[in-house]
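Notes follow once the structure below has been shown.
The values are calculated or read from the model by the stated rules, or taken from the named source; none is laboratory data. Fair warning: this is a prediction, and the values are worked out from it, not measured in the lab. With ideal geometry, Cβ positions are generated from the backbone for all residues, glycine too; neighbour counts draw on all protein chains shown.
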Amino acid sequence: MKILVCDDDDVVLKIIKLTLQNAGMEPYLANDGRQALKHLHENEHFDLIITDIHMPYHNGDEILKLVREEQQKKTPIIMLSSDGEEEVIALALKLGVNEFIKKPLDPDVLMKKVKKLLR
């Protein structure tokens, strides 16, 4: 499984990378929105996208719009954020995110949601 992981927090990226690798998955890492968009343009297919909502250059909502509107893909997307406000969650769901995880990140919660979406 090819999974794009976008987060500007290096610790979060490492946790997600190790969690996914231990489950036999192949993470592609991006530490800002520009790198995330580069991965999306260079790779034809990701099985899942995990993205932070607030990142330098391009936010997670911009990545969502690209995948859903421009590329017309139904790739499952998990949105991460330390901002768990109702309006942020509502916006993410409106834009087409499949799951929302509030930080701090719990690897067990992440894997439950990843497995659910990849069934």
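Is there any pair with a first residue in region 72-92 that is free of Cβ contacts under 8 Å to residues at least 12 places away in the same chain and a second that is assigned to a helix (DSSP H, G or I) whose Cβ atoms are under 6 Å apart and which are 6 or more apart or on different chains, and what are they?
As it stands, the answer is K73/V67, since those pairs meet every condition given.
With the requirement that a residue be farther than 15 Å from L4 by Cα and buried (at least 16 other Cβ atoms within 10 Å of the Cβ), what does region 103-112 give you?
L105
Taking region 72-102 as the search range and keeping residues that are among the β-branched types (V, I, T) and not in a loop (DSSP other than H, G, I, E, B), which one is surrounded by the most Cβ atoms within 10 Å (Cβ to Cβ)?
Filtering first and then ranking leaves I77.
How many of the residues making up region 39-68 are surrounded by fewer than 18 Cβ atoms within 10 Å (Cβ to Cβ) and among the aromatic types (F, W, Y)?
Residues meeting the conditions: 1.
Hey, does region 49-68 have a residue that's among the basic types (K, R), within 23 Å of K116 (Cβ to Cβ) and modelled with pLDDT under 95?
Within region 49-68 (the criterion being among the basic types (K, R), within 23 Å of K116 (Cβ to Cβ) and modelled with pLDDT under 95), the answer is yes, since at least one residue qualifies.
Does region 17-38 include one or more residues that are loosely packed, with under 15 Cβ neighbours inside 10 Å, on the phi > 0 side of the Ramachandran plot, at pLDDT below 95 and not in a helix (DSSP H, G or I)?
Within region 17-38 (the criterion being loosely packed, with under 15 Cβ neighbours inside 10 Å, on the phi > 0 side of the Ramachandran plot, at pLDDT below 95 and not in a helix (DSSP H, G or I)), the answer is no, since none of the residues qualifies.
Residues E85, E62, E99: which one is closer than 12 Å to I49 by Cβ and of a type in the set (D, E, K, R)?
Going through E85, E62, E99 in turn, the sole match is E99.
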